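Structure record follows, encoded as structure tokens.
Only the coordinates and a few stated rules stand behind these numbers; no lab work does. All values reported here derive from a predicted model rather than from experimental measurement. Note that we place each Cβ from the backbone using ideal geometry, even for glycine, and neighbour counts take in every protein chain shown.
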Amino acid sequence: MHKNNSQNNKPTFDIITLGCPLNQYESAAIEGLLLKNGFKRSQNKSDVVIINSCAVTQAAARRSRKEARQAKKKNPNTLLVLTGCYSQLYPDDIKKLLPEADIVVGTAGRSELPKIILKKLEEKDAPKHIKIQELHKAEKFEEFDAVPKFYRHRPIIKIQEGCNQFCSFCAVIFARGKPRSRNPLKIIEEAETYAALGYREIIITGTNIGLYGMDLGNINLPKLLNKIDSLNYPFRIRLSSIEPMGVTEELLEVMAHSHRICHYLYMPLQSGSNRILKLMGRNYTVEDYGKIVEKAREYMPDISIMSDVIVGFPGEKEIDHQATINAVRSFGINKIHVFPYSPRPGTPAEAIKEHVRPDIKKQRVEEMNRLSEVLSLDFHKKLLGKKLEVLVEKTCIENGIGIAEGFSEYYALVRFKFNDKSILGKIVPVKAEEAYTWGLKGSIKKDV
């Protein structure tokens, strides 16, 4: 039985979000929709707890289950809603492993959640609601018809969903469906709303943002960015992860000529071995990736480039591992996120028999992480003496001194002393003075 403990008979809810910026956007959109429909946000024994799940790795899937169980254990009377990629991919597992879940909805049909939840609250003895829409059919981009509710200083805008690249290690394509793009007018409207509210950085995200517009015609990512760039507000634009082949010369030209778009690319490499890239089903070679990096630096010599690397992919030899290390170094990647290979059920890579021994995988991960620290420190040293535009996201008092921190336009974390409490959420000019693996320390360059 799900008892409504909220005041004025308004159902209360909480949302727990796991995973990527796309999930963060969708949680904010779900919250905006629930608020619009008379719900109230509360973290104290809420009537409803929504777990927006992730399944990109085995660890993410385990954590999704753990969060769901903990929510029900904390409040047995809560209505437990499980949504997101884990729900979409493994509904049968959820039936067996998560009997606590009252409502299970995948990555489609979530605009109906307020109606589904209210019906379940009213019909307390009704059976579990499980709604998983089959994807890669005729699905369209799903609008939530509400302003997403963000508590952070960098709101996210989702511009597209789905992918068509079928990488052999990735289950996301099955969780997100075919590529479909959002109406550009809706995107512009949302960007203007955030800018008018005073947000100073907007993040553009999607499953594979380089595919934006392929199903619409007459628009693509560079053209969309030009439209957002034309809004008359003081804000900047940051692209989230983008696939290498989505980084076209047209995109680089738009980025270089814009005063709003951060000179920053988060572009997954995954491996520096062409043999492994082929096994992964990636649609580029190491040489292709190098040419993209070179072209990006021709247009923007100051650009920062981050990347993902998968270590221990099935069939990976020591020579492949060393090739990845050499590639990352030669391309001058500024930071890398290192992921030990995690097999996902139903993916082609799961069937590859030649697995890397756990001890060897661990050793390679440690070696790659050490390289990551070296690259990060080198990157931060190159910024010393420069004036960085830092979006302040956090302030605190340390030993009686006010300390602010946030990310620069190059996505370097910067900490500095401050006196003005109104600094939070503003972009502040900071001179970089000390470099560390984690980021930089600096001082405000002028009064703000």
Cross-link reach from K96 to aspartates and glutamates, straight Cα distance under 17 Å and at least 8 residues apart if same chain, gives E67
With the Cα gyration tensor of the stretch 387-444 in hand, convert its eigenvalues to equivalent ellipsoid semi-axes via √(5λ) and list them largest first in whole Å. 16, 13, 9
Remind me, what semi-axes does the stretch 271-359 give for its equivalent ellipsoid, largest first in whole Å, using sqrt of 5 times each Cα gyration tensor eigenvalue? 26, 13, 12
Exposure-ranked with fewest Cβ neighbours within 10 Å first, H257, H263, H355 stand as H257, H355, H263
What is the distance in Å between the Cα centres of the stretch 148-179 and the stretch 181-197? 17
Placing unit charges on C-beta atoms (Lys and Arg positive, Asp and Glu negative, everything else neutral), compute the dipole magnitude of the stretch 387-444 about its Cα centre in debye, rounded to 20. 100
I need the calculated FRET efficiency for the pair S422 and K124, taking r as the beta carbon distance and R₀ as 56 Å, to the nearest 0.05. 0.70
Percent antiparallel among DSSP beta bridges with both residues in the chain, to the nearest 5? 40
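Looking at the stretch 152-262, what % of its DSSP beta bridges pair antiparallel, to the nearest 5? Each step should come with its number before you reach the end.
On the way: 2 of 11 bridges.
Percent antiparallel among DSSP bridges in the stretch 152-262 is about 20.
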Between the stretch 263-286 and the stretch 311-376, what is the separation of their alpha carbon centroids in Å? 12
Of all beta bridges DSSP finds with both residues in the stretch 387-444, what is the antiparallel percent, to the nearest 5? 90
What value does the chain have for Rg/Rh, both radii from Cα atoms and Rh as Kirkwood defines it? 0.97
For the table K72/K124; K36/K140; K223/K381; K227/K381; K66/K95; K227/K445, the rows whose alpha-carbon distance is greater than 26 Å are K223/K381; K227/K381; K227/K445
Reachable aspartates and glutamates, given that their alpha-carbon falls under 19 Å from the alpha-carbon of K115 and they are not under 8 places away in the same chain: D14, E26, E31, D47, D102, E123, D125, E142, E143, D145
Sorting I132, A171, G246 by the position of each Cα along the dipole of the chain (Lys, Arg +1; Asp, Glu -1; all at Cβ), the one nearest the positive end of that ordering is I132
Sort Y410, Y151 so the one with the fewest other Cβ atoms within 10 Å of its own Cβ comes first. Y151, Y410
Scaled by the rule-of-thumb 2.2 N^0.38 Å, the alpha carbon Rg for the stretch 7-131 gives a ratio of 0.96
Using a cut-off of 28 Å between alpha-carbon atoms, which lysines can reach K317, once sequence neighbours fewer than 8 places away in the same chain are excluded? K278, K291, K335, K353, K361, K362
